[in-house]
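Notes for the one structure printed next.
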Amino acid sequence: MASHSASHPQDPVQRALGGGWGTFLAAAARSPRDVGTLLPSGPELAQRLAAVVAGAGQAGRPAVVVEVGAGGGAVTAAIVREAGRDAVVIAVEKDPGLAERLRSRELGVRVVTADAATLPAILADHGVDRADVIVSVLPWSLFGPRQQREFLTIFAAALRSDGVFTAAAYSLGYWTPAARRFRCELERTFGEVLPTRTLWRHLPPAMTYVCRRPEVTDEDITADPNR
Ligand SMILES: C[S@@+](CC[C@H](N)C(=O)[O-])C[C@H]1O[C@@H](n2cnc3c(N)ncnc32)[C@H](O)[C@@H]1O
């Protein structure tokens, strides 16, 4: 369902100046704790995140791929390239300016301007029960303990049991308390958590987690005020 025309500048300077960086910077200035960086994801990181999308879903039904914190679409375009033609791609972005920028790119995805915490309602609006893949570039290290756990509980509960959750993380902050807490929360929420190698040429250096086997308990879901 997607167009495949997005450009992917390799150079961080081009990455900054092209591709709607003004919109991204304005969003970062408005809500630094939500955006968490001055640069959108580069193509290598986008491709690494999107790689889990290939082969998602089962024969006979379109894959459902959700991106949370889609920004202006740096990762969305890579997801669209990896997803099958019939895949349903839902891109959730809280900042209205970035969501509008993403919409204007006409990538063939369903852009929803909303807080990712409302994911169950978003899926219901789109006639979807659970997602096959959830891709996140949310600023996890800026979230407090409660927020990290709430988001992960919501996302794990919104995933099919054979689904995949993937998240980007900046490697230079790997040993900070918030980043370590995030890893612990991932391990608490998923039966399998695989870190990938750092992309040192990415600005800033980044890696991803690939998580399978969501293990959300009824207690977690009941404690979640968004459900
Ligand atoms: C680090 S930026 C990543 C943007 C884009 N995905 C990329 O890789 O360049 C984080 C994005 O998450 C969005 N965001 C933060 N908290 C959010 C939330 N609760 N719900 C939806 N989007 C959120 C921010 O507005 C921002 O666009």
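List the chymotrypsin sites (Phe, Trp or Tyr not before Pro) within the stretch 133-177 that DSSP assigns to loop and that have no more than 12 neighbouring Cβ atoms inside 10 Å.
Trp175
With each run of n ≥ 4 DSSP H residues scored as -39500 (n - 2.57), what mean residue ellipticity at 222 nm is computed for the chain after dividing by its residue count and rounding to the nearest 500 deg cm²/dmol?
When only DSSP H runs of four or more count, the value is -10000 deg cm²/dmol.
Out of all DSSP beta bridges with both ends in the stretch 92-227, state the antiparallel percent to the nearest 5.
Given both bridge residues lie in the stretch 92-227, the antiparallel proportion sits at roughly 65 percent.
Quick one: work out the % antiparallel among DSSP beta bridges in the chain, nearest 5.
So the antiparallel bridges in the chain amount to around 40 percent.
Over the chain, what is the relative contact order in percent, taking alpha-carbon pairs closer than 8 angstrom and at least six residues apart?
Over the chain, the number comes to 19 percent.
Laboratory data are not the source of any read-out in this text; all were calculated from the coordinates shown. Remember, predicted model here, so these are calculated numbers, not experimental data. Glycine gets a Cβ as well: all are built from the backbone with ideal geometry, and neighbour counts include every protein chain shown.
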